[in-house]
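Input: a single structure, listed below in structure tokens.
All of the numbers you see were taken from the coordinates with simple rules; none came from a lab. Just so it is clear, the model here is predicted, and its values are computed rather than measured. Neighbour counts run over all protein chains shown; Cβ positions are idealised from the backbone, glycine included.
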Amino acid sequence: MTPPTPTTGPLRHFLQLRDLSAAELSYVLERARVIKDKFKRYEPHLTLHDRTLAMVFEKASTRTRVSFEAGMYQMGGSVIHLTTNDSQLGRSEPIEDTARVISRMVDVIMIRTFEQERIERFAAHSRVPVINGLTNEFHPCQIVADIFTFIEHRGAIAGKTVAWIGDANNMSYTWLQAAEMLGFTLHVSTPPGYELDAARIGTPAPGVLKQFDDPLEACRGAHLVTTDVWTSMGYEDENAERLKAFADWCVDAELMAAADPQALFMHCLPAHRGEEVTGEVIDGPQSVVWDEAENRLHAQKALMEFLLLGRL
Ligand code: CP
Ligand code: NVA
């Protein structure tokens, strides 16, 4: 058997998008292209031979689980799937102790959890790279896949406009980091009372962020229109209140018509047709949501490879 390639460089985590430099993010995106092309040609890509990924889910998942699990196996490694309830995390074992133990046995860890502070504590006690598979604050793996998808369909995203319609959630804050890193403009429209937190966003560079009361104005001229559920995981108690507050923040044909004629529609999924997006839009010709979901696989393979092996 071929021995595994030694891990190179200092320990790197991916807890938020800006844990990569803009140049490193561009490298990961280019590498995802190579890896996807090989996958489509049925060419093996076994750079993580003999490596083990542990996945820790404290919230539900379909795409994140399948893409990380399939991706690691496709690269020659193996995977361990843990959830809160089937591990000692569900019986109050401290997150720090969990990180210390798991990271002595595997090569890379993906965790989906609640507060960003929790994944930061986990990473601080891990000997191996930790990847954010979604927290309340960020969803960086999804945004890498989304940008890869935009580039596939429309070329470079620098200089373009992305319209975010709906909740100021983990996806929107990660889009904001992407806009700052890659030089595009993010238009955000949220209902009153659900705006981006001024303390979290600070003062973005001129031209990075524009906020709109009217979702139609936010979509005007946009090259990509994107949204997400009105109620993210962990906020279910607010669902009834949110259904009312967000009623006018549904991406429909009228909003898409205000965007650039070549605009794409994205949604990280799972989607609620008739709430944040109409069936006509998500199942229509401008929607690239299935490519977007598939690209989680290719983008995360590139990301894991980069965190473990650096540039190849
Ligand atoms: N988009 C996304 O992260 O999907 P899952 O919740 O199914 O993993
Ligand atoms: N914002 C959503 C994304 C789900 C993939 C959530 O956090 O539930």
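A few comments on the model shown:
- Alpha-carbon centroid distance for the pair segment 163-194 / segment 285-302, whole angstrom: 19 Å
- Exceedance of the 30 Å cut-off in Cα-Cα distance is limited, within the set Lys59/Lys244; Lys36/Lys210; Lys59/Lys301; Lys210/Lys301; Lys40/Lys210, to Lys36/Lys210; Lys210/Lys301; Lys40/Lys210.
- Net charge of the neighbourhood of Thr113, taken over other residues with C-beta under 11 Å away and scored Lys/Arg +1, Asp/Glu -1, is -1.
- Here the chain is treated as an ellipsoid with the same Cα gyration tensor; its semi-axes, largest first and in whole Å, are 32, 22, 17.
- Evaluated at q = 0.09, 0.13, 0.18, 0.22 Å⁻¹: base-10 log I(q)/I(0), Debye formula over Cα of segment 193-312: -0.33, -0.67, -1.11, -1.28
- Considering helices alone, the calculated mean residue ellipticity of the chain at 222 nm is -11500 deg cm²/dmol, with DSSP H runs of length four and up weighted by -39500 (n - 2.57) and normalised per residue.
- Table column - 3J(HN,Hα) (Hz), segment 232-238, Karplus curve with 6.51, -1.76, 1.60, x for Gly and Pro: 7, 4, x, 10, 4, 4, 8
- Each peptide in 276-284, 194-202, 157-165, 47-55 receives the mean, over its residues, of other Cβ atoms within 10 Å, and ordering these scores from highest gives 157-165, 47-55, 276-284, 194-202.
- Kyte-Doolittle at least -1.0, axis length at least 24 Å by Cα - qualifying DSSP helices, the chain: 22-40, 289-309
- Within segment 230-275, none of the chymotrypsin sites (Phe, Trp or Tyr not before Pro) combine a DSSP coil assignment with at most 13 other C-beta atoms in a 10 angstrom radius.
- Label zone of Val101 (point 7 Å out along Cα→Cβ, amide N under 20 Å): in segment 54-93 this covers 54-59, 79-93.
- Alpha-carbon centroids, segment 203-217 and segment 57-132: separation in whole Å: 35 Å
- Sorting 166-177, 130-141, 206-217 by their mean Cβ neighbour count within 10 Å, with the most densely packed peptide first, gives 130-141, 166-177, 206-217.
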